[in-house]
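I have placed the structure first, in the form of structure tokens, so that the comments after it can refer back to it.
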Amino acid sequence: MFDYFQKTEHVEEKILHVEDLDFGVESLTYNKEPEQSRYLVFQGQQLIARVRYFGEDPLERVSGVEYFDGFGNLYRVDFYDFRGFLSLCQWYTPDNNIGTEVWLDINGKPVLETFNKYDGNMKYDKTGWRLLSSEGAIYNFANIDELTLHFLDLLNEEYWQGDKANIFIMDRTHLADWALLNLERPAYTVLHLHNSHAGNAQEPMHSVMNNFYEFGLMNSNGYDAIVSATEKQTLDVSKRFNPQSKLFTIPVGVVPNEVFSEKRIDMKERKVHSVLVTARVAPEKRIDHIIRAIGIARQTVPDITLDFYGYVDHRDDDSAQKAINAAIKEYHMEEAVHQFKYANNVGELQKEFQVYALASIMEGFNLSLMEAISHGMVGVTYDVNYGPNELIVDGENGFVVPYEGIQEMADRLVELFTQEDKLQKMSTQSYELSRRYSEENVWKAWQALINDANKKNIAYRSPITEGIGDQRIYSTKKSK
């Protein structure tokens with residue numbers, strides 16, 4: 001939406017370094033703080049600015065600038081797009097709050113503003129939005145929901161065909177749920193459930209709703225369709241809410257055709273007795289459960305190893321990492337468990353390992369597991385909603401063990417690593433069952449939704465625009 005109003009959907013990339021910035025003064029020095037991914041800019045002993053750069057970028061492109069006045073007070077923060085232009089300016093108040101925020105076009109002209117002030121209850125919050133259109137019109141909106149509605153109305157009008165409805169799909173409902181219910185022109189609107197609709201995914205019928213989907217589900221009859229990634233979730237949504245909207249099951253992952261043409265790798269060619277996990281190190285992923293299951297299994301198969309890749313989520317005082325460390329220590333697995341940062345070559349890794357393990361609290365699908373079986377890995381997963389218990393067909397391409405069943409997971413790992421024929425047979429089935437998510441099959445699912453959208457009656461009458469622009473008042477008094 002912001003790119004649309006800034007007219008920056010398609011811009012030529014420019015590499016902007018700290019030395020390219022103009023601070024309006026001379027004789028500057030730049031002190032680098034690599035651990036903070038930033039430079040401190042001084043004129044003599046006076047701090048002029050802190051310049052942040054994108055930490056993972058070897059070219060150190062500027063990501064933001066914090067400006068300080070002569071008394072050392074922060075008065076403005078600029079945010080730069082990765083493509084090399086200034087996108088947002090935040091102006092600070094004397095009491096160090098963000099006052100006005102201004103989004104700019106590629107030429108530095110303001111196009112969108114929002115204002116932050118104290119309300120009657122002394123709560124500091126946004127009080128409105130102002131859009132400065134390229135045609136010269138000024139629009140004021142009470143909140144971002146109204147701004148989003150205006151944006152979607154513009155899109156719907158811009159791509160209006162007259163005979164077929166535009167399709168709007170939202171998979172983060174809190175961003176556009178109200179707007180899609182209030183479009184000026186008709187459209188085909190879709191509520192996409194990217195995750196579990198229930199706060200407790202294991203109690204889908206009675207649990208409090210996932211707050212991201214609560215408004216959308218309570219108003220689901222106002223949308224044309226509801227999309228879930230798995231058959232199980234589609235069934236649960238139907239049973240619980242009995243919506244009048246059309247229900248579609250469309251996987252959120254696709255296995256590219258080229259993967260099916262790759263050479264299949266037998267289990268004997270992979271790391272022996274190896275387990276892989278590619279996931280965030282976060283409390284909901286419960287990697288410590290997998291470590292404990294392997295610790296138990298190693299009492300029978302002592303050379304089982306675990307490699308896991310993913311960035312560390314530091315929530316709750318690093319609770320996930322601490323749980324992992326505790327499990328490793330408890331089972332004396334310091335040499336058997338190997339932790340790595342986020343990896344970009346996941347597909348190649350999955351060709352080297354034998355078993356993919358999963359113990360999440362909830363899922364919406366799990367792309368990593370889909371990719372793993374497409375490369376012949378055998379899955380061992382908790383019976384968790386939604387995705388893993390459908391991606392893995394119990395007894396065919398792996399095992400689905402009871403939810404939180406650490407001992408059962410350990411037993412299945414022992415079974416796989418002590419029966420090479422079964423391990424290989426299940427690997428072969430993983431290759432075969434991954435075809436459920438081929439480009440052709442997923443496109444067929446989308447085509448069913450598109451066909452339904454094309455049937456929608458989109459009769460529309462535009463507002464009256466003629467005969468109201470030049471109105472005059474005529475006297476009814478007769479002349480003598």
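Has region 143-164 got any residue that is closer than 24 Å to TYR213 by Cα and of a type in the set (Gly, Ala, Ser)?
no
Let me spell it out: the conditions are (1) surrounded by fewer than 16 Cβ atoms within 10 Å (Cβ to Cβ); (2) among the hydroxyl-bearing types (Ser, Thr, Tyr); (3) part of a strand (DSSP E or B), and SER63 meets all of them except one. Which number is the exception?
(1) is the only condition that SER63 fails.
Quick one: count up the residues across region 434-455 that are surrounded by 14 or more Cβ atoms within 10 Å (Cβ to Cβ), among the basic types (Lys, Arg) and over 29 Å from ILE361 (Cβ atoms).
Selection size over region 434-455: 0.
Please work out which one of (1) farther than 14 Å from SER196 by Cβ; (2) not in a helix (DSSP H, G or I) is the condition SER238 fails and give its number.
Unmet condition: (2).
Which residues, taken from region 241-268, are surrounded by 13 or more Cβ atoms within 10 Å (Cβ to Cβ) and part of a helix (DSSP H, G or I)?
The answer is PHE241, VAL259, PHE260, MET267.
Which of the following residues is surrounded by 10 or more Cβ atoms within 10 Å (Cβ to Cβ) and either at pLDDT 95 or above or assigned by TED's automatic domain parsing to the domain that holds LYS285 (or both): TYR460, TYR431?
TYR431
So is GLN299 more than 21 Å from ALA201 (Cβ to Cβ), touching a strand residue (DSSP E or B) at 6+ places or on another chain (Cβ under 8 Å) and not in a helix (DSSP H, G or I) or not?
no
List pairs: first residue in region 305-323 and surrounded by 14 or more Cβ atoms within 10 Å (Cβ to Cβ) and modelled with pLDDT under 95, second residue part of a strand (DSSP E or B) and hydroxyl-bearing (Ser, Thr, Tyr) anywhere in the structure, Cβ distance under 6 angstrom, at least six positions apart or on different chains.
Between residues of region 305-323 that are surrounded by 14 or more Cβ atoms within 10 Å (Cβ to Cβ) and modelled with pLDDT under 95 and residues that are part of a strand (DSSP E or B) and hydroxyl-bearing (Ser, Thr, Tyr), there is no close pair.
Condition (residue is surrounded by fewer than 24 Cβ atoms within 10 Å (Cβ to Cβ), hydrophobic (A, V, I, L, M, F, W, C) and either in contact (Cβ under 8 Å) with a residue 12 or more places away in the chain or farther than 19 Å from GLN202 by Cα (or both)) applied to region 371-381: is it met by at least one residue?
No, region 371-381 has no match at all.
Scan region 82-99 residue by residue and report those that are in contact (Cβ under 8 Å) with a residue 24 or more places away in the chain, of a type in the set (S, T, N, Q) and part of a loop (DSSP other than H, G, I, E, B).
Residue satisfying the conditions is ASN97 alone.
Just checking, does region 132-140 include any residue being under 29 Å from the mean Cα position of the chain (by Cα) and either not small (Gly, Ala, Ser) or not assigned by TED's automatic domain parsing to the domain that holds GLU12 (or both)?
No.
Scan region 380-390 and give yes if some residue there is touching a His at 6+ places or on another chain (Cβ under 9 Å), among the aliphatic types (A, V, I, L, M), closer than 23 Å to LYS268 by Cβ and at pLDDT 95 or above, otherwise no.
Within region 380-390, not a single residue is touching a His at 6+ places or on another chain (Cβ under 9 Å), among the aliphatic types (A, V, I, L, M), closer than 23 Å to LYS268 by Cβ and at pLDDT 95 or above.
Just the residues that are among the polar types (S, T, N, Q), in a helix (DSSP H, G or I) and in contact (Cβ under 8 Å) with a residue 24 or more places away in the chain, please, taken from region 1-48.
Passing the criteria: only GLN6.
Only residues that are farther than 11 Å from LEU191 by Cα and surrounded by 15 or more Cβ atoms within 10 Å (Cβ to Cβ): list them for region 204-223, please.
Scanning region 204-223 gives PRO204, SER207, MET209, ASN210, PHE212, GLU214.
Could you list, in sequence order, all residues of region 185-216 that are in a loop (DSSP other than H, G, I, E, B), among the charged types (D, E, K, R) and without any contact (Cβ under 8 Å) to a residue 24 or more places away in the chain?
Across region 185-216, the qualifying residue is only GLU203.
For a quick check of your reading of the model, give me the residue pairs whose first member lies in region 455-466 and is more than 15 Å from GLU184 (Cα to Cα), whose second is surrounded by 10 or more Cβ atoms within 10 Å (Cβ to Cβ) and aromatic (Phe, Trp, Tyr), with beta-carbon atoms closer than 6 Å and at least 6 apart or on different chains.
LYS456/TYR188
Among residues belonging to region 198-240 that are under 20 Å from ILE250 (Cβ atoms) and hydroxyl-bearing (Ser, Thr, Tyr), point out the one that is modelled with the lowest pLDDT.
TYR213
Could you list all residues from region 154-169 that are in a strand (DSSP E or B) and closer than 16 Å to TYR4 by Cβ?
PHE168
The values are calculated or read from the model by the stated rules, or taken from the named source; none is laboratory data. It should be emphasised that the depicted structure is a prediction, and the values quoted were computed from it without experimental measurement. Using ideal geometry, Cβ is built from the backbone for each residue, glycine included, and neighbour counts are taken over all protein chains shown.
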